[in-house]
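Data first, discussion second: the structure below is written as structure tokens.
All of the numbers you see were taken from the coordinates with simple rules; none came from a lab. Not measured: the values here are computed from a predicted model. Here the Cβ positions follow ideal geometry from the backbone for every residue, glycine too, while neighbour counts run over all protein chains shown.
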Amino acid sequence: MSIYLKPILAACYLFPVLALIFTLPYVIRQYNKYGSILLLRTGIVYTFIFYMLTSYFMTILPLPAIDAVTPESATVLLVPFDAVKRWLSGCEFDITNPSTYVAAFTSPDFLQIAFNILLLLPFGVYLRYYFNRKWYQVLLLSFLYSLFFEITQLSGLYGIYPYPYRFFEVDDLICNTLGGMLGFVITPALLFFLPSRQRLDEIAYKRGEEVSSFRRILALLADYAVVLLISTAISGTPVSQKLPQFVCFFFFPLCAFLYFSVTTILFSGVSLGKFLVNIRIVKAKTQKRAGIFALLARNAILHLLLIPSPYYIITILMRLSNVHTKQLEILSVVSVSLLIALTVFFVINFCFCFAGRNKALFYDWICRLTVVSTTQNKSQSSL
């Protein structure tokens, strides 16, 4: 049994790392398609990733030493149902004698057959339930997935080993494919406990009509990743070395302001991050295209003042010891106090909006703008 538990434990160790890698692209994809993300859907996808990782490890682990693998370590077995023959010939199974059942169904040969069937049973369930595959598609994909396992073993883990270190068995292909089809067959019984894929889509589209704070944060993070790339590229040019010290102090906020201003003005309130999660800045009352001056004012408040305010506070405090005049010292203290008050107010306002839904942040209220979802038409056309 330990030979099967080791791959599962290995998957448990690696899964959190892989989950972090897959989190952002998956969430963006869900927001782009539905305008929202469901915890249940996320759980289904990540259990699928975990299953795929575990099943792969089961085919390659445990790994032998490279010098222990010889041409005689493994071979190709192309006789169908040879595993069943080995099982029946290796035990005294008699269907009319129940006393032989325990020994027969706990023998290593039978357990190998059973585990090969069970290995792809979840694969068939996922394909039918979440990916909406037909029976012939499940049959083909199960066979190809099993063939991938066998080729992995036959190739000596893609050339890492000089020879195959496990047997290539046609019975494994048969049992794995049978397991995938068995998963396809039993899937309707599981729908009693889980909502259908169509129901998940309906809920997601319904929630996608609302613009949550998390959705806006995700768009902002995607946009600031672009701003970071742009500012890094510009800072490496000779032109950046000749910029005045005052401009250098505001360099990153200025890059953010220019990026958001250019994109939202040219693309009717949509930046790259907003495009990925399907949201748009519009006029609050009419929900028509936002004006240029309103967008400039919004971007100035948010990206020149609010977001970089902690940076301003830290920088001013670090340079406060170098201030030699009383007037500048008072000005620095007053500036820090105002920035701290503004930051605290912004955090409180954001937390208040985060607790509710579709509540405007104060800079949107000042500029008479709002953020709306662009997935509503998609949901109506898709349902």
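Placing a label point 7 Å from the Cα of Ser332 along the Cα-to-Cβ line, the residues of segment 285-323 whose backbone N sits under 13 Å from it are 313-323.
The ranking of Met58, Met52 from fewest to most other beta carbons within 10 Å of each one's beta carbon is Met52, Met58. Straight Cα distances below 16 angstrom link Lys283 to the aspartates and glutamates Asp364, with same-chain residues fewer than 8 positions distant left out.
By counting other Cβ atoms within 10 Å of each Cβ, how are Glu92, Glu209, Glu169 ranked from fewest to most? Spell out each step's value before the answer.
Numbers: Glu92 10, Glu209 15, Glu169 22.
With the fewest neighbours first, Glu92, Glu209, Glu169 line up as Glu92, Glu209, Glu169.
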